[in-house]
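The values are calculated or read from the model by the stated rules, or taken from the named source; none is laboratory data. Computed from a predicted structure; not experimentally measured. Positions of Cβ are generated from backbone atoms using ideal geometry, with glycine treated the same way; all protein chains shown enter the neighbour counts.
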Amino acid sequence: MPDIVYTLAFSHLFSFNPSNALLLYEAMPSVRGFFEEQLLPPNLSPRLEQRLKEALEHKQELLDRAQRELDFCREKNIQVLAFNDPGYPVLLRQCPDAPLVLFYLGTASLNAPHTVAVVGTRRITDYGRDLCRHFCADLRQLLPDVVVVSGLAYGVDIHAHKAALEEGLPTVGVLAHGLDTIYPSLHRTTASQMVKQGGLLTEYFSHTQPRAENFVRRNRIVAGMCAATVVVESAAKGGALITAGLAQDYNRSVFAFPGRISDQYSDGCNALIRQNGATLITSASQLVDDMNWAPIAQPVQREMFLELTPQEEAVRQCLDGKDRKAINQLVVELDVPIQQLSALLFDMEMRGLVAAVGGGFYRWLK
């Protein structure tokens, strides 16, 4: 029986308490020896020693379950990454409550030079959607090797994943259940794309249901495997703030986009900034500067001879000669729906005609 089966069995035994699992794993002479020879770590408390001995009474059941999981992973081409595996995320390995085993289906490196978690409310607004899109677009220009990490949930998570995919960036979703399913099911198509351009990652065995507590635990992986965590939008309470707090505990860099004081789903971001829980950013370039990451891409080249459509010319007239303007102001001046204007500005940004300067503001590139 391969060693990974013993590690899987041990991780499943202590799945409810990853901190204890990791401490015991590192103190144990051999996980194989634990199951086959009943070798226990030294200096155990009587309660924990008793629990381990009771677990050994069911060792065959644990090993059989672990073998079935390994068979499932091999059939589905899922990588099983034990704690000491070279493919295991190095940054996550530094965390005291890191999972003993991860299951990974994808192509992106989990140890990429630049990893950024993008998190936020499930009730994303148009402002948050614009931030996700422009943030990923700017990241692609500055750091085309960056990996965007989130949780595949509704709201900011899925919009961050989609924006990364549209920009050709690898994006990894950390799941709160096993890899035999996708939750929410509405995100199956995006998840399939991510397997080819990024990946799906979880600590949970197959057939694990997406219970509420799993999502909270999932957040520690999002925070722990990334060098930086960015909060796009958040109410005064929410999972994104939990992720930001975990990132702080792990000595990771935390950033937040500010919002209007009247916006409910900017309350959390504004509070993080006010309480020094996050650094205020308005653009990807500010994050790159703060992280001391050297940009490795060339800026977008403007077209030598501009051929503007009537709508683009109207945008030029609004922006030319101005330092910057908010998208809401442009909506009023141009009398167009915000969705239509956002798509137009995104296209113009890709052509090097305008620049997003954060906070929903744009300027004309002279």
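Residues in the stretch 90-106 that are farther than 16 Å from residue 204 by Cα and more than 16 Å from the chain's Cα centre (by Cα): 93, 94, 95, 96.
In the stretch 179-207, of all residues being in contact (Cβ under 8 Å) with a residue 40 or more places away in the chain and out of contact with any helix residue (DSSP H, G or I) (no Cβ under 9 Å at 6 or more places or on another chain), the one that is surrounded by the fewest Cβ atoms within 10 Å (Cβ to Cβ) corresponds to 196.
Considering each residue of the stretch 59-80 in turn, none proves to be in contact with a Gly (Cβ under 6 Å, 6 or more places away or on another chain) and surrounded by 18 or more Cβ atoms within 10 Å (Cβ to Cβ).
Considering each residue of the stretch 245-261 in turn, none proves to be in contact with a helix residue (DSSP H, G or I) (Cβ under 6 Å, 6 or more places away or on another chain), among the acidic types (Asp, Glu) and in the same structural domain as residue 171 (by TED's automatic domain parsing). Might you check whether a residue that is among the acidic types (Asp, Glu) and modelled with pLDDT of 85 or more occurs anywhere in the stretch 300-312? Looking through the stretch 300-312, at least one residue is among the acidic types (Asp, Glu) and modelled with pLDDT of 85 or more. Evaluated against (1) modelled with pLDDT under 85; (2) outside any loop (DSSP other than H, G, I, E, B), residue 330 falls short on exactly one condition, (1). Scan the stretch 278-299 for residues that are at pLDDT below 95 and of a type in the set (Ser, Thr, Tyr) and jot them down. Scanning the stretch 278-299 gives 282, 283, 285. Regarding the stretch 211-225, can at least one residue be identified that is buried (at least 20 other Cβ atoms within 10 Å of the Cβ) and either among the small types (Gly, Ala, Ser) or over 11 Å from the mean Cα position of the chain (by Cα) (or both)? There is at least one residue in the stretch 211-225 that is buried (at least 20 other Cβ atoms within 10 Å of the Cβ) and either among the small types (Gly, Ala, Ser) or over 11 Å from the mean Cα position of the chain (by Cα) (or both). Listed by first and then second residue, the pairs linking a residue in the stretch 342-354 that is closer than 17 Å to residue 131 by Cβ and of a type in the set (Phe, Trp, Tyr) to a residue that is surrounded by 21 or more Cβ atoms within 10 Å (Cβ to Cβ) and modelled with pLDDT under 85, with Cβ atoms under 9 Å apart and 6 or more places separating them unless they lie on different chains, are 346/356. Once the stretch 1-38 is narrowed to residues that are among the charged types (D, E, K, R) and farther than 18 Å from residue 50 by Cα, the residue that is surrounded by the most Cβ atoms within 10 Å (Cβ to Cβ) is 32. Of all residues in the stretch 137-152, those being in contact (Cβ under 8 Å) with a residue 60 or more places away in the chain and either crowded, with 24+ Cβ neighbours inside 10 Å or not assigned by TED's automatic domain parsing to the domain that holds residue 186 (or both) number 4.
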